[in-house]
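Working notes, beginning with the structure itself.
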Amino acid sequence: MFRIHFETVDLARTTIAQRPDPLWEVLLGLHILQTDDEPEKFGPWRERARARLTAVEQELLALAPPVGYSPDFLTPRAAAQGIEAGLAAVAATPASRLRSELGRLSDSVRLPGWTRRLAAGETSVMNRLVHGLKSFHRTKIAPQMPIITTTIEPAVAKHNDTVANDGFESLIPQLHPTLHWEAPVLSVDLPHVERDLHLDGRGLRLVPSYFCWKYPMMLLDPSLAPVLVYPVRHEAGPVVTRRADRDGAVADLLGKTRARVLTTISSGACSTSELAARAGISLASASEHARVLHDTGLVTTRRIGSSVRHALNPIGADVLTGVRS
């Protein structure tokens, strides 16, 4: 049993992430890649991903065993701001923390030689690791975002409504059957785990995940910002994998900036200001490109209060995946 101890202020500071965390999805995708679990849900994706795994992506598997401990530095809190922010945080991990976490991992699995250079803080090895994480996200995770978004957004909306109307206690049964609330403790029924985490006023961040399966996930280091990553139930069905060599064709069709905007929206529904920040363009440019993509039927734009949110629709997904006839 993993027990999370709340104080009164922790309930006020507990939040629900509105979208998956990109580096948690990378880590959990790496876990799934090494199992044969959930074949109906993940089988097609796993088959394609295994067939197209590059050498630098293959190296990531050593740090992400499907059972047991994976280093906390692979999933920094900064990734909530986007993949680039998350990768920058990984790259900035202090050597002392790398040594500690990789040492803990080596207690349970045999690590390749390059991890010793990583633990020593060798810049070239860290750069290769970051490149592998970025590549895996770009080629194995980001192409699934249309499916991930349509699965997670309704679930999160329901969770938001539950908290607003009925309170935190009513939310817990919705999240996962292993979660139990008996104030002031949230228990996670996990096999072979006996731990306590005291939030101490920091609150808890609940993060929905598509690639999480079986059980919710937490960080091991109690000094880090507390997070609980929980599986979002989804219907069985093939997970689409976009061919990497389609990127240039999409850019030729739409232009480089508009293709980047469409790809950015495919990573998750966003407001115009979020789109501008993620794509690295001005607010005016983001608004214009989103308008054109909406007018041409590739993106759905909905007004929510005083702002709008842009989301990839099936036609836009087809353009990115290259499956249209």
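The values are calculated or read from the model by the stated rules, or taken from the named source; none is laboratory data. Quick caveat: nothing in here was measured; it's all calculated off a predicted structure. No Cβ is skipped: glycine too gets one built from the backbone with ideal geometry, and neighbour counts run over all protein chains shown.
Points to keep in mind about this one:
Conditions tested, residue by residue: (1) polar (S, T, N, Q); (2) closer than 22 Å to residue 28 by Cα.
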site: 149; (1), (2): yes, yes
site: 153; (1), (2): no, yes
site: 168; (1), (2): no, no
site: 173; (1), (2): no, no
site: 177; (1), (2): no, yes
site: 181; (1), (2): no, no
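- When residues of the stretch 292-308 are limited to those that are closer than 15 Å to residue 255 by Cα and assigned to a helix (DSSP H, G or I), the one farthest from the chain's Cα centre (by Cα): 292
- Residue 239 crowded, with 18+ Cβ neighbours inside 10 Å, touching a helix residue (DSSP H, G or I) at 6+ places or on another chain (Cβ under 9 Å), more than 28 Å from residue 73 (Cβ to Cβ) and modelled with pLDDT under 90: no
- Subset of the stretch 198-234 [surrounded by fewer than 20 Cβ atoms within 10 Å (Cβ to Cβ) and over 21 Å from the mean Cα position of the chain (by Cα)]: 198, 200, 201, 202, 223
- Scanning the stretch 288-307 for residues that are surrounded by fewer than 16 Cβ atoms within 10 Å (Cβ to Cβ) and either in contact with a Ser or Thr (Cβ under 6 Å, 6 or more places away or on another chain) or among the basic types (Lys, Arg) (or both) yields 291, 302, 303, 307.
- Within the stretch 107-159, the set of residues being over 24 Å from residue 212 (Cα atoms) and hydroxyl-bearing (Ser, Thr, Tyr) comprises 115, 123, 124.
- Every test in (1) under 16 Å from the mean Cα position of the chain (by Cα); (2) surrounded by fewer than 16 Cβ atoms within 10 Å (Cβ to Cβ); (3) of a type in the set (Lys, Arg) is passed by residue 50 save one, and that test is (1).
- Any hit, the stretch 54-61, residues being of a type outside the set (A, V, I, L, M), closer than 20 Å to residue 87 by Cβ, without any contact (Cβ under 8 Å) to a residue 40 or more places away in the chain and assigned to a helix (DSSP H, G or I): yes
- A single entry from 108, 100 fulfils the requirement of being at pLDDT 95 or above, among the hydroxyl-bearing types (Ser, Thr, Tyr) and either over 21 Å from the mean Cα position of the chain (by Cα) or assigned by TED's automatic domain parsing to the domain that holds residue 136 (or both): 100.
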